[in-house]
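**Student:** Structure incoming, see below.
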Amino acid sequence: MTTEAPLVIAEIGCNHAGSLELAKRMVSIAAKFCEVDAVKFQKRNNRQLLSPEQYDAPHPNPMHSFGDSYGAHREFLEFDMAQHEELKDHCEAEGVVYSTSVWDPTSAREVAKLAPEFIKVPSATNLNFEVLGILCDEYSGGIHISLGMTTRAEEEQIVSFLDERGRLADVTLYACTSGYPVPFDQLALMEIRRLDEAYGDRLQRVGFSGHHLGIAADVAAMALGATAIERHFTLDRTAKGTDHSASLEPDGLRKLKRDTANVSKALTYKAEELLEVEKATREKLKWTDGL
């Protein structure tokens, strides 16, 4: 019996640079060339999410800013709900699952009305229990939650909150280190096994959300038990924006999907002592006289 290939999610996020046409092109490439299972965007209500001081402050990394303040930058990258509905329709036409991360209560309610297959709660928002409560009460699909920047005590609070509301079986928890990019010695892949041992029999999935370079760690994550793998996706890692450097370009994402699918088939015991592929080779090469 083979291990099931993981759900592979291309996090487009804000790498579309505010262009709906570029976002659609990225969906098409992720679906047709990379053959991922799902793509994911982001939804923010920036006035609700940011204080006036944060909204009006300059971007902390001006070379990556799309506006003259951090708030203006975030608004430039934001799609409205009509555009998200258009993206969802485009995803369905391309045969890939549409999803979105929600960063605030308003966005959680708006995206829930679109009824995607799953909604993501990013690490930055996983302690916003108003957001979690809205998803528990007003949305019946999968709830995916990243655990970057989260203590064990906070993790237990999140799990208890969802369990009390009878939603834990709909949840995917992602092992995650929040950084762009994350060095390999801080990826902490064994967190996947810890989450699986602690909660796996009560969750829908344990996943891995990676912000590292390359794809070797993703294959290891799958071998450790991750059944969902999320990676940021870009068409150009040198493009303007802070997420591109920790993203995969199309060929890298295509190889990740290919390699996790292939390695999942290899994670098995021998079905019999001598496999069919071995028998002709044994006949030709193996010395057995006297045995």
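The values are calculated or read from the model by the stated rules, or taken from the named source; none is laboratory data. Everything numeric here is computed off the predicted structure, so don't read it as measured data. FYI the Cβ positions are ideal-geometry reconstructions off the backbone, even for glycines, and counts take in every protein chain you see.
**Student:** If you check every pair at least six apart or on different chains, which have Cβ atoms under 7 Å apart with a residue in the range 8-33 that is in a loop (DSSP other than H, G, I, E, B) first and a residue that is of a type in the set (Lys, Arg) second?
**Tutor:** Final answer for the pair search is 17/240; 33/254.
Yes or no, residue by residue, for (1) modelled with pLDDT under 95; (2) among the aliphatic types (A, V, I, L, M):
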residue	(1), (2)
165	no, no
173	no, yes
192	no, yes
200	yes, no
242	yes, no
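**Student:** Yes or no: residue 99 touching a Pro at 6+ places or on another chain (Cβ under 9 Å) and buried (at least 21 other Cβ atoms within 10 Å of the Cβ)?
**Tutor:** yes
**Student:** Considering only helices (runs of 4 or more DSSP H) fully contained in the range 197-291, which possess at least 1 residues that are touching a helix residue (DSSP H, G or I) at 6+ places or on another chain (Cβ under 9 Å) and charged (D, E, K, R)?
**Tutor:** Of the helices (runs of 4 or more DSSP H) lying wholly inside the range 197-291, those with at least 1 residues that are touching a helix residue (DSSP H, G or I) at 6+ places or on another chain (Cβ under 9 Å) and charged (D, E, K, R) span 216-223, 250-266.
**Student:** Might you check whether a residue that is without any contact (Cβ under 8 Å) to a residue 12 or more places away in the chain, closer than 16 Å to residue 102 by Cα and surrounded by fewer than 15 Cβ atoms within 10 Å (Cβ to Cβ) occurs anywhere in the range 68-81?
**Tutor:** yes
**Student:** When the residues of the range 55-75 are filtered to those that are closer than 20 Å to residue 237 by Cα and among the hydrophobic types (A, V, I, L, M, F, W, C), which remaining residue is modelled with the highest pLDDT?
**Tutor:** So the residue we want is 66.
**Student:** Also: Does the range 201-222 hold any residues that are of a type outside the set (A, V, I, L, M, F, W, C) and either free of Cβ contacts under 8 Å to residues at least 24 places away in the same chain or buried (at least 17 other Cβ atoms within 10 Å of the Cβ) (or both), and which are they?
**Tutor:** Within the range 201-222, 201, 204, 205, 207, 209, 210, 211, 212, 218 meet the criteria.
**Student:** Sticking with this structure for a sec: Is it true that residue 160 is hydroxyl-bearing (Ser, Thr, Tyr) and in contact with a strand residue (DSSP E or B) (Cβ under 8 Å, 6 or more places away or on another chain)?
**Tutor:** So residue 160 fails the test.
**Student:** Examine the range 180-196 for a residue that is touching a residue at least 40 places away in the same chain (Cβ under 8 Å) and of a type in the set (Lys, Arg), and state whether such a residue exists.
**Tutor:** No, the range 180-196 has no match at all.
**Student:** Which residues, taken from the range 203-224, are over 16 Å from residue 251 (Cα atoms) and over 15 Å from the mean Cα position of the chain (by Cα)?
**Tutor:** 203, 220, 223, 224, listed by residue number.
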